[in-house]
Amino acid sequence: MFYTFLISLVFYTYFFSEINESKKLLLSGLLLALACMTRPDAVIFYIYANFLILIWIFFTHKTFKELIIKLIYFNLPFVIFLLPYLIWKIFYYRDIVPNTYYVKSAGESYLSQGLYYIWLFFNSYKSTFISLAALIVTIMILVNKQSFNNKITEILNNKPIYTMIIAFGAAVCYLLIFVARVGGDFMFARFIIPVLPL
């Protein structure tokens with residue numbers, strides 16, 4: 001639950017708080033660093049967030065300097081807090097991931113079992129299919145007769161739409177890269193809980 005709280009707080013901080021951009025980036029980076037210290041699979045959200053910063057800079061035609069400043073603000077908490085923690089884990093445990101990672105899957109993929117785990121959850125709670133609205137809205141925007149850059153600009157200028165798309169994308173990345181890959185869990189939907197608020 002703490003992990004779910006941190007992921008939700010990162011999303012709220014960046015997309016819905018009224019603080020200035022540099023503080024948003026620093027606080028979001030700090031919260032994601034804490035999430036990574038709580039559960040190593042939070043690195044998926046960290047990589048996704050860095051990718052979004054790069055995409056945002058590219059499509060808003062900002063300068064390279066603005067990109068570097070944004071990336072520094074966002075990644076600074078990782079360097080200050082997470083890097084020493086990871087170095088300590090390597091010296092103390094001789095590994096970054098916990099033993100349960102090797103016990104559960106030994107680094108191997110159980111994609112079919114993981115996809116069934118995800119399907120079982122969505123099939124049990126049919127209301128979660130509403131989240132597919134983000135995909136439908138995106139397709140509707142991308143299908144209209146404009147250039148690709150104009151379509152992306154239209155999305156970036158509509159905060160509710162791009163927020164929904166980003167939340168949907170984060171959930172899908174987490175579900176496919178982590179939950180499906182490791183084969184789910186023996187406890188029903190435990191691995192899906194972190195992305196439910198998204």
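The values are calculated or read from the model by the stated rules, or taken from the named source; none is laboratory data. Being a predicted model, the structure only gives us computed values, none of them experimental. Neighbour counts are summed over all protein chains in view; Cβ atoms, including those assigned to glycine, are modelled from backbone coordinates with ideal geometry. Remember, those area values only see protein heavy atoms, side chains included, never the ligands or the DNA or RNA. Shrake-Rupley method; radii C 1.70, N 1.55, O 1.52, S 1.80 Å.
Summary table
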{"read-out": "Test: residue in the range 58-68 that is outside any helix (DSSP H, G or I) and not β-branched (V, I, T)", "value": "yes"}
{"read-out": "The range 22-42, residues that are free of Cβ contacts under 8 Å to residues at least 12 places away in the same chain and either of a type in the set (S, T, Y) or open to solvent by 60 Å² or more (accessible area, probe 1.4 Å) (or both)", "value": "K23"}
{"read-out": "Cross-chain or 6+ apart pairs with Cβ under 6 Å, the range 43-67 first and within 24 Å of L31 (Cα to Cα), then of a type in the set (G, A, S)", "value": "Y48/A170"}
{"read-out": "Residue match in the range 161-176 (condition: crowded, with 18+ Cβ neighbours inside 10 Å, in contact with a Ser or Thr (Cβ under 8 Å, 6 or more places away or on another chain), modelled with pLDDT of 75 or more and not in a helix (DSSP H, G or I))", "value": "no"}
{"read-out": "Every pair of residues 6+ apart whose Cβ atoms lie under 8 Å, when the first sits in the range 181-198 and is assigned to a helix (DSSP H, G or I) while the second is buried (at least 20 other Cβ atoms within 10 Å of the Cβ) and among the hydroxyl-bearing types (S, T, Y)", "value": "P194/Y174; V195/Y174"}
{"read-out": "Sole residue being open to solvent by 70 Å² or more (accessible area, probe 1.4 Å) and closer than 18 Å to V172 by Cα, chosen from Y46, Y3, Y116, Y93", "value": "Y116"}
{"read-out": "Matching residues, the range 70-79, being in contact (Cβ under 8 Å) with a residue 24 or more places away in the chain and either of a type in the set (A, V, I, L, M, F, W, C) or open to solvent by 60 Å² or more (accessible area, probe 1.4 Å) (or both)", "value": "Y73, F74, L76, F78"}
{"read-out": "Conditions (1) open to solvent by 30 Å² or more (accessible area, probe 1.4 Å); (2) within 18 Å of A133 (Cβ to Cβ); (3) at pLDDT 80 or above: number failed by V143", "value": "(3)"}
